[in-house]
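Step one of this worksheet: look at the structure below.
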Amino acid sequence: MILSDKKILDEISNGNIVIEPFRRENLGTNSYDVALGKWLALYENDILDARVHNKIKVFEIPEEGYVLMPNRLYLGVTEEYTETRNFVPFLEGKSSVGRLGIDIHATAGKGDAGFCNNWTLEISVKQPVRIYSGMPIGQIIYFEIAGEIETPYDRKKSAKYNERTEFPVESMMFRNFK
């Protein structure tokens, strides 16, 4: 089941969902709208290797915006820090963003119960498009979980994305090969 607006507000009051900053006007009927943070990143190398740590260059989106180009992978970040207990958060792009040809994630739309961080976005575009820090970029939908959770994400020893940061985070796939 997907949480309604009233249920999301209840779970925020109970501390099971944290959204910082929280803006009441971003609460939809059954989702919460998130904004693009001020940081983007590009990989330093044109060829990425899943077995090595691929470094990124992080830069701030200028006030006049930044033009994304096709055939590039940009890592962005949500303005909002979130914590989710006892629910599974899904991040989806907003339809207005999709209609500009912007995809905000390649495969990582589902979070885990216990995920506590800003969301890194895997952004690609169909044609050049100018984006701006603070623009609406996606929406989080919360699903109920059946059964008890044995180990929340933030307590897993194998979790690769637990370090709190306001910056986009590069792939940590290389840690799977150690």
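The values are calculated or read from the model by the stated rules, or taken from the named source; none is laboratory data. Note that this is a predicted model, so its numbers are computed, not measured. A quick note on method: Cβ atoms are made from the backbone with ideal geometry, for glycine too, and the neighbour counts reach across all protein chains shown.
Met173 meets each of the listed conditions (1) surrounded by fewer than 18 Cβ atoms within 10 Å (Cβ to Cβ); (2) over 18 Å from Leu42 (Cβ atoms); (3) modelled with pLDDT under 95 apart from (2).
Of all residues in the range 85-106, those satisfying the criterion of being assigned to a loop (DSSP other than H, G, I, E, B) and under 30 Å from Gly15 (Cβ atoms) are Arg85, Asn86, Lys94, Ile104, His105.
Scanning the range 28-75 for residues that are surrounded by 11 or more Cβ atoms within 10 Å (Cβ to Cβ), of a type in the set (A, V, I, L, M) and in a loop (DSSP other than H, G, I, E, B) yields Leu48, Val52, Ile61, Met69, Leu73.
In the range 126-155, the residues that are surrounded by 12 or more Cβ atoms within 10 Å (Cβ to Cβ) form Cβ pairs under 6 Å with partners that are among the polar types (S, T, N, Q), at six or more places apart or across chains, as follows: Gln139/Ser31; Ile141/Ser31; Asp154/Asn162. Across the range 107-132, the qualifying residues are those that are hydrophobic (A, V, I, L, M, F, W, C) and in a strand (DSSP E or B), and the one among them that is nearest to the chain's Cα centre (by Cα) is Trp119. Inside the range 76-104, residues that are of a type in the set (Ser, Thr, Tyr), surrounded by 15 or more Cβ atoms within 10 Å (Cβ to Cβ) and farther than 19 Å from Leu42 by Cβ make up a count of 3.
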